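Below you'll find the structure, written out as structure tokens, and then a few comments.
The values are calculated or read from the model by the stated rules, or taken from the named source; none is laboratory data. Here the structure is a predicted model, which is why all the values come from computation and not from measurement. Glycine also receives a Cβ, built like all others from the backbone with ideal geometry; neighbour counts cover every protein chain displayed. Quick note on the areas: whole protein, heavy atoms, side chains included, nothing else; ligands and nucleic acids left out. Shrake-Rupley method; radii C 1.70, N 1.55, O 1.52, S 1.80 Å.
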Amino acid sequence: MADKKHLDRLKAGAGSWNHWRQAQPEVRPDLSDADFSAADLKGIDLSEADLTGAMLIKAKLSGADLRGADLRGADLSGARLDGVNLSRSTIDLSTRY
């Protein structure tokens, strides 16, 4: 289950979130099982984030950084993935896209 503090930070917007990520590079955000359906997450730094089971249906992820993110069981159906960095990300057969 997602860390409430991490969810609250993310809700503050991409600029605030990305600034926090730069200041706290050792933190691995726990956003597991969160519902980001249709969310605007363009350009957001989700590198190394735990997104297992997350609902990213129709999310706008253009230009997002998902390097090393754990996307096992996530649902990316209809998500905008243009320009997304997925290198070293974990995706399994239950990940939908």
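Annotations for the structure displayed:
Yes or no, residue by residue, for (1) at pLDDT 95 or above; (2) in contact with a helix residue (DSSP H, G or I) (Cβ under 8 Å, 6 or more places away or on another chain):
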position: 45; (1), (2): yes, yes
position: 67; (1), (2): yes, no
position: 72; (1), (2): yes, no
position: 75; (1), (2): yes, no
position: 92; (1), (2): no, no
position: 97; (1), (2): no, no
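- Note on segment 1-23: among residues that are outside any helix (DSSP H, G or I) and modelled with pLDDT of 95 or more, the one that is most open to solvent (accessible area, probe 1.4 Å) is 3.
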